[in-house]
1. At a threshold of 8 angstrom on Cα-Cα distance, excluding pairs fewer than six apart, so keeping six or more, what relative contact order does segment 14-140 reach in percent?
2. Solvent-accessible area per residue for segment 13-71 at a 1.4 Å probe radius, Å²?
3. Write down the accessible area per residue of segment 333-392 in Å², having rolled a 1.4 Å probe over the full set of protein chains.
4. Relative contact order for segment 6-265: what is it in percent, counting Cα pairs under 8 Å that are at least 6 residues apart?
5. Set the Förster radius R0 to 45 Å, insert the Cβ-Cβ distance between Asp5 and Glu243 as r into 1/(1 + (r/R0)^6), and round the FRET efficiency to 0.05.
6. Using a simple charge model, +1 on the beta-carbon of Lys and Arg, -1 on the beta-carbon of Asp and Glu, nothing else, what dipole does segment 1-88 show about its Cα centre, in debye to the nearest 20?
7. Note the full-extension length gain between Asp327 and Lys190 as 0.36 nm times their separation in residues minus their Cα-Cα distance, in nm to one decimal.
8. Taking 7 Å along the Cα-to-C-beta vector as the label spot, tell me the Gln343-Asn221 distance in nanometres, rounded to one decimal.
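The values are calculated or read from the model by the stated rules, or taken from the named source; none is laboratory data. For clarity, every value in this text was computed on a predicted model and none was experimentally measured. Counting neighbours? That spans all protein chains shown, and the Cβs are built from the backbone with ideal geometry, glycine included. In case anyone asks, the SASA skips ligands and DNA or RNA and just uses the protein heavy atoms, side chains included. Shrake-Rupley method; radii C 1.70, N 1.55, O 1.52, S 1.80 Å.
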Amino acid sequence: MDFIDLKTQQARIQEKIKSNIQKVLNHGSYILGPEVKDLEEKLAKYVGVKHAIACASGTDALLMALMAYDIKPGDAIFTTPFTFIATAEVIALLGATPIFVDIDPKTYNIDPAKLDLAIKALKNNDSSIYPLPNIEHRTLNFELTPKGIIPVDLFGLLADYEAIQAIADEHHLFVIEDAAQSFGAQYENKMSCSYGNIACTSFFPAKPLGCYGDGGMCFTNDNALADKMNSIKVHGKGIDKYENIRIGINGRLDTLQAAILLAKFDIFPEELVMRQTVARRYTSLLTSDNSLLTPCIPPGNVSAWAQYSLLTGNENNRTVLLQKLQDNQIPSAIYYPKSLHMQTAFAYLGYQPGDFPVSENCSTRIFSIPMHPYLNEKQQAFIADIISAGGQPMT
Ligand SMILES: *Cc1c(COP(=O)(O)O)cnc(C)c1O
């Protein structure tokens with residue numbers, strides 16, 4: 001059994017993948033070939049935004065988005081500590097400061113009420129309102145300027161953009177949607193990657209729409225931001241790549257990866273429906289198990305189901321359960337075992353254990369089980385049986 005089964009999918013579209021790759025070998029435009037533009041147009045239309053900018057990874061997508069806003073030392077960006085490192089890493093790479101905000105215990109996404117508190121705490125330089133980074137230079141009257149918010153659509157579920165956008169508007173902050181896990185998700189007919197000022201997704205193989213290597217994409221309705229990101233991704237090019245009008249990166253998506261994504265995108269909408277069926281089956285099999293919490297999908301949402309994650313009563317129960325899964329050759333994973341404010345890489349921010357109690361608590365109790373469109377009823381029943389046998393009731 002695979003955690004994510006890419007082989008079954010590949011078998012379905014083998015011929016299309018081969019012919020798409022052969023086309024690239026024939027025309028030889030390995031960099032920014034016609035497949036890249038084709039993919040950008042298709043995905044922009046699917047998502048419902050004006051501009052799509054293909055790039056080399058989800059991390060580069062986030063980096064390019066922040067660079068489009070000229071983020072620099074002294075700027076503060078609010079985000080969640082319960083995410084993959086890339087979300088906060090790009091903030092730090094540009095010398096800006098990540099300000100962490102705890103998550104909602106039901107959805108695992110950034111908690112809008114706490115976001116509001118964190119912004120007020122920073123503006124008043126008062127960490128009694130909400131925990132703030134405790135960096136030495138702050139004591140030297142180094143003022144941080146709040147610039148933007150990066151909500152993450154964790155496990156494929158959209159963050160609460162209604163509430164987040166209202167807070168962003170009130171405080172004149174931009175919003176960058178980290179949609180690395182949520183391509184295909186929607187809330188009341190508005191698709192993932194259409195929220196905020198810029199949205200960023202990833203085509204890492206394990207994401208809902210993945211390629212066979214690294215890839216990513218930025219989406220925006222803003223012409224100026226789109227122009228800027230198109231320039232940044234090719235070394236800050238002006239009219240051509242030998243006129244450089246700003247500092248940029250080498251952030252292009254390979255033509256070969258675009259060709260593979262085009263083949264995969266053909267069946268993506270169907271796979272998304274299959275993911276709903278798989279998730280529904282898990283939930284109906286596991287919902288009566290009072291030792292576990294199944295995922296909460298608030299009304300109006302369709303998740304992209306990048307992960308199916310469960311919460312045990314405590315860390316010990318999780319350890320026992322993960323061992324049992326392993327003994328039965330069922331793969332599992334922990335997303336995420338450590339909140340970002342507790343990572344060595346962010347020790348310089350001076351956050352303390354207890355600053356983000358929900359995130360810290362979830363990281364000791366959460367785990368994910370196999371999730372992909374091709375899981376069948378029999379496999380899911382077997383997984384659910386192993387999980388449910390003898391779990392400790394939650395207290
Ligand atoms: C995967 C992921 C990224 C980074 O994407 P890459 O393509 O691996 O660079 C960023 N944010 C989140 C939430 C992710 O899950």
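1. 14 percent
2. 47 Å²
3. Computed with neighbouring chains in place, this is 42 Å² per residue.
4. Relative contact order for segment 6-265 comes out at 26 percent.
5. In this case the efficiency is close to 0.45.
6. Around 320 debye, computed over segment 1-88.
7. Separation in residues times 0.36 nm, less the Cα-Cα distance, equals 45.1 nm.
8. In this crude label model, Gln343 to Asn221 measures out at 3.2 nm.
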